[in-house]
Structure formats: C-alpha cells, structure tokens
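Everything on this sheet refers to the single structure shown next.
The values are calculated or read from the model by the stated rules, or taken from the named source; none is laboratory data. Keep in mind it's a predicted model, so treat the numbers as computed, not measured. When we count neighbours, we look across all protein chains shown, and the Cβ atoms used for this are built from the backbone with ideal geometry, even at glycine. Only protein heavy atoms, including side chains, enter the accessible area calculation; ligands, DNA and RNA are left aside. Shrake-Rupley method; radii C 1.70, N 1.55, O 1.52, S 1.80 Å.
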Amino acid sequence: MSGDSMQQESSSMGSGDQAQPVWARPEAFAVADAGWGWVDRKGRRHSCDSLDGLSKAIVKDAGAQVDLVWTPACDYLVLPEELPELHPAMRDARIRWAQWEMDEGWRQMSLFGLFLFGFLAYSKYVGKPLMAYGPVGLALLLFVVLGVVPWYQGRKRLKRAETRSLVGTAEDLEEIRFDTWLMHQKTPLTKVLLGMIAVVVLCQYFGAGSWAVSVKEAGLTKVGGRPTEWWRLLTAPFLHGGWIHFLMNASGLYYLGRRMEVLARWPHVAAVFLMAAWVGGEASSRFVSAPSVGASGGLLGILGFLLVFEFLNRSLVPQTATRRLLAGVVLTGVIGVVGFKFIDNAAHIGGLVAGMVYAFALFPKSNSTHRPRETGADRLVGFAAFTVLVLSAGWACIKLVG
C-alpha cells in the first residue's frame, strides 16, 4: 500500500470539474425529474405542481426531511439552500427546527437535572460523595449529550437563521452540501459492521440472561494487566454495557464509519476498526482493572484516522467539516472526564492513537480533490480484517448463547 494505493479516482468530467471534489460538482446528486419536487432522507421523490407547492412542502416539513429539491431549471438535484427563490421558506423551516431542537434539549436537561438534584440532596443527607453513586455519572453524561449539546446546537442555528442570510458563508454551504452528499452514498461495510454489533447485543440481552453475565462470558476481563484470554480482545468490542451504551456507539459508528468508507474506501474501515479495537483493549488491560466492553476503541480509531486523513487531504473535505471532528474529540474527552468511573478512557485513547498512526503511515499528504482508490493490496488486507471481525462476532455469540 505505497504509491500504488494512492491512485486517485477517475472521472469522465472535464478538467474544470475535476478540480472540484466529487461532492461539489453539479453531478454529485442524481438527475432531476421534470417539473418541481423534493427528495426526503430515505431517497423518495415527491412531486409538486409549482414553486409555491414546493415552498409549502418545505415550510410544513416537521422533521427536516427535505434533503434535495428540483425545479424545471435544474439538470440535477440541488440543495434547497442553493435556490434563492426557496430561501424564505427555508428560513421559516430552519427557525422552527432550531426551536424544536432547543426545546427538546431543554426537556432532557430538565429531566436529568432533576435526577442529579435528587441524588445531590440525598448524598448531602447521608453524607456520601455524589459520585459514589454509579447512576450519577450516567445521568450527568446524558445531561450533557442529550440535553446541553442539542440545546446549544439549536441555539446556534436559531441565531444564524434569525440574524444572517440562510446560506451564510461559502463555507456554510460547502459543509451542508458535503454532509448531504455523504448521507446519500452507499456504505455496505459500515452497515454490515453495525449489524454484527446489533446481533451480538441481542445475544447479550436474550442469550446470556443479563448484561453482567454477558461481560463475564465474552467481555474483556483482566488479570495482572493482561486479558484473561487473548480472544477477549476481539469479542469485547462487539459487546455493550446496556442499550444506551449500544445506541451511543452505534450512532457514532453510523456517521464516522460511513464518512471513512466513502472517503478512504471500505478496506481501511475494517482494518482500522480491528486494529484500534485491539490496541484499545491492550491499553485498557494495562491501565483499567475493571472489565471492559464496547466498540468505543474501534470507533475512536476511525475518528483518529479521519482527523489525520482529512488533514493530509485538505482539498477533499470542507475545513468546517474537519473542525467538527476536532469538536468530537473534545466532547469525547469531556464525556471521559464526566464519566471517568464507568468510561474506559484508556481504550478511547489507545484506539484514537492507533487510528491516527494508521493514517499517517499509509497516506501521504496530497492536494488532490479526488478520493484515493482501493488497490488489490488494500482489498486483501480489508478482507482479512473483515473475516477476523466476522469470526470474532460469531465467537462472541457462541460464548453468550452457549
């Protein structure tokens, strides 16, 4: 995987279009239909009879489902933000979505804040430290992730919609276009990986009898700074400590895995997840005595890979999108501090560093706007890593159900 692995994707477009990354080209999205209409997040097309009908569909959109639109003047599907005639409708919709996000964040903050206040009062009454109670850390984590973060994001979006033009800067539009294009790409490896994790979690819930028993059967148990059995380094990443833990990791993997699979190709997703999960498990064994489970090591490996890969390929991705990855690292650090009693920070750091090293080792710096193409060597390594992941998930299920 040397110079040959960096062969760039081919394109039949002219040199002017080749100077743009694929998501920025007019043909990044599908060919438009005749007349007026819009596309929802599931890819379904909805026709309208006029501009007024399209505007009304956007204004009435309660779930932010309008991803792309078309008009008689469009050869390809476009973002609604790219059509000035739709800006008034989009502004009204954005304000309503932002207000909903703020309200939902406030409800979650109130719920978990009440829970934390109750534990604070009780801890004062019995004279024990607040963090001595296990559920407190989880409640504080959910207070931040489900409450503070959505509220803050909604507040920023509301302020932008009320005080600035809808489109904002060129960087704003680039980021929206990149994210929309990304979500419309096919990413089978990420979906299969998520499916395997979901199957193992179901085996935990229905087969092992309880989450605690499942950890003993196939989680990363340790003795003397080493795993009790080496294979637990491979099975533990597929297990989770509960439904909330699973859903948080699954949502992160769904976005980061898709992003890596689209930009760097599927073989590297399998290889990085496997390597980072292993390294994260080794770090956990040496620095954390409690048993560990979860895909966080592999997930942080993908995050670390993307940070380095996008730094080395700055023309490939909008810089605002890359800065959001940095924000993800900061948020993960905050969550690790808040929930240090039940979050395996050693596995997180080990996985993050492993993913970064992988990207630095295999990808040279490039000014190209084209994604690197996978080679035969890449596919061989990716297939081997994927095979190990499948066998590991299968072995976890056998240990849990058997």
Residue satisfying all of: in the stretch 1-17; part of a helix (DSSP H, G or I) and surrounded by 13 or more Cβ atoms within 10 Å (Cβ to Cβ); modelled with the highest pLDDT among these: Asp17
Kindly check whether there is at least one residue in the stretch 294-310 that is in contact with a Phe, Trp or Tyr (Cβ under 8 Å, 6 or more places away or on another chain), within 24 Å of Ala198 (Cβ to Cβ), open to solvent by less than 30 Å² (accessible area, probe 1.4 Å) and in a loop (DSSP other than H, G, I, E, B). yes
One residue is enough: does the stretch 378-389 have a residue meeting the conditions farther than 14 Å from Val269 by Cβ and more than 24 Å from the chain's Cα centre (by Cα)? yes
Selection count where residues are more than 24 Å from the chain's Cα centre (by Cα), assigned to a loop (DSSP other than H, G, I, E, B) and closer than 22 Å to Arg96 by Cβ, scope the stretch 18-75: 2
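Would you pick out the residues in the stretch 224-262 that are in a loop (DSSP other than H, G, I, E, B) and closer than 21 Å to Gly339 by Cβ? Outline the logic, then answer.
So in the stretch 224-262, the residues in a loop (DSSP other than H, G, I, E, B) come out as 224-225, 228-231, 239-242.
Once the filter is applied, which keeps residues that are in a loop (DSSP other than H, G, I, E, B) and closer than 21 Å to Gly339 by Cβ, the stretch 224-262 yields Leu239, His240, Gly241, Gly242.
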Check Leu166 against each of (1) open to solvent by 30 Å² or more (accessible area, probe 1.4 Å); (2) at pLDDT below 90; (3) out of contact with any Phe, Trp or Tyr (no Cβ under 9 Å at 6 or more places or on another chain) and name the one condition it does not meet. (1)
Filter result (open to solvent by less than 60 Å² (accessible area, probe 1.4 Å) and β-branched (Val, Ile, Thr)) within the stretch 318-361: Thr320, Thr322, Val329, Thr332, Ile335, Val338, Ile343
